[in-house]
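Here is the structure we will look at, set down as structure tokens.
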Amino acid sequence: MTILAIAAHNDDHIIGCGGTLAHYAKQGERIVTIICSHAENSHLHLKKRTTLKKRIAEALKANKLFGGQEVIFLGIRDGHFQHDLKARTILIKNIITKEKPEKIFTHSDKDWNKDHKELSKYLLSLADKGSITCPIFSFSIWSALNIVKQSYPVLVVDTAATFQTKLKAFLVHESQTLISWAIIWKLMIKDRICGISNKHRYAEAFYKLR
């Protein structure tokens, strides 16, 4: 079976569900990741091509660490998700048809980040039209608790055995060094609180969108 992670940017899926992806990989599941944008405009001191090469290399290295099989890059322009996602609808549908995922993990439709929110809304629209039939689970990037009171059912995955793998995969993203040390503390606190709340050492929690 295939687990499909669809992330707006390079390290989003590592922060949000890296431990879970490693957990499923250990169980023999096929892990496929779709990365929409490399956010190449985020490093103004570097040429876009340089940033792009760095991000691709980092994503592939992280994928290998947590046991993923394939990474697909959509090349969406940063800040143009609504338009560019629609332009890639046939490609995205073909990937979903080919992989027949058991579960999809992606961003919350209530995320404050515009690109994250646009991606979530787009995937929900595909589900509404019948192009996605498997469960869609959302992860949190910035919430320290990783659990916001909502009406959606929650999936909790014990990631104690894969938490260190998640950290290693996150730290591979050296192009994000300026902010990674600020994020890593939040990541550790988030997964630890989620673990304690669910009687695990570390855990990741997800809300079912569809």
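Judged by the ratio a/c of the largest to the smallest principal axis of the C-alpha gyration tensor, the range 2-208 counts as rounded, that ratio being less than 1.5.
Highest mean first, how do 100-113, 69-82, 190-203 rank when packing is the count of other Cβ atoms within 10 Å averaged over residues?
Values: 100-113: 20.0, 69-82: 16.4, 190-203: 18.5.
Sorting 100-113, 69-82, 190-203 by mean packing, highest first, produces 100-113, 190-203, 69-82.
Computed from point charges on the beta carbon alone (+1 for Lys and Arg, -1 for Asp and Glu), the dipole magnitude for the chain about its Cα centre is near 120 Debye.
Here the simple spin-label model places points 7 Å from the Cα toward Cβ, and for D78 and I183 these points are separated by 1.2 nm. Annotation: amide H of F105 within the under-5 Å range of L4, A5, I6, F137, sequence separation 5 or more or interchain, hydrogens built in the peptide plane.
Just to be sure I understand the rule: take each whole DSSP H helix in the chain, project its Cα atoms onto its long axis, keep it if the span is 18 Å or more and its mean Kyte-Doolittle hydropathy is at least -0.5. Which ones pass?
12-26, 177-197
So what is the 222 nm mean residue ellipticity for the chain from helices alone, if each DSSP H run of at least 4 adds -39500 (n - 2.57) and you divide by all residues, rounding to the nearest 500 deg cm²/dmol? Rounded to the nearest 500, it is -15000 deg cm²/dmol. Mean-square fluctuations from a GNM of the chain, with a 10 angstrom spring cutoff on Cα atoms, peak among I90, I184, I15 at I90.
Go through K64/K100; K53/K117; K121/K208; K93/K129; K117/K208 and tell me which ones have a Cα-Cα distance over 19 Å in this structure. With Cα atoms farther than 19 Å apart: K64/K100; K53/K117.
Since every read-out is calculated from the coordinates, none of them should be taken as a lab result. Source: prediction; values computed, not measured. Every residue, glycine among them, receives a Cβ derived from its backbone with ideal geometry; neighbour counts consider all protein chains shown.
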